[in-house]
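K.L.:
Got a structure for you, written out below as structure tokens; questions coming shortly.
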């Protein structure tokens with residue numbers, strides 16, 4: 001086989017793998033709320049069953065520098081209240097976490113399935 005044919009075939013294989021990944025990844029990421037919950041994760045809910053008691057992502061402040069928990073407006077950063085009122089499911093935060101674990105693991109499978117990319 002001539003070198004130019006080999007490169008063309010290798011490029012085609014990489015293009016097909018990238019196209020497959022491009023189809024698979026949106027499935028996992030766009031439909032994350034409908035994915036199966038990962039059953040291998042062990043969660044100790046203790047006495048606070050189905051309640052998020054600690055969830056932190058940096059310091060949450062608005063544009064004026066005030067905390068998101070605003071006593072005057074009644075706005076609170078409460079995942080449990082939101083889950084119950086909006087989703088009708090007090091277990092929603094935990095279930096979403098378990099679904100996101102599934103999405104992450106499936107994403108890793110897709111990425112590992114891509115051919116090695118040699119640059120340079």
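K.L.:
Residue 37 to residue 114: extension gain in nm, 0.36 nm per residue of separation minus the Cα-Cα distance?
P.N.:
Extra length from residue 37 to residue 114 when fully extended: 25.2 nm.
K.L.:
Let me ask you something else. Residue separation times 0.36 nm, minus the C-alpha to C-alpha distance between residue 87 and residue 15: what's the value?
P.N.:
Going from the current span to full extension adds 21.9 nm.
Since every read-out is calculated from the coordinates, none of them should be taken as a lab result. Quick caveat, the model's predicted, so the values are computed rather than measured.
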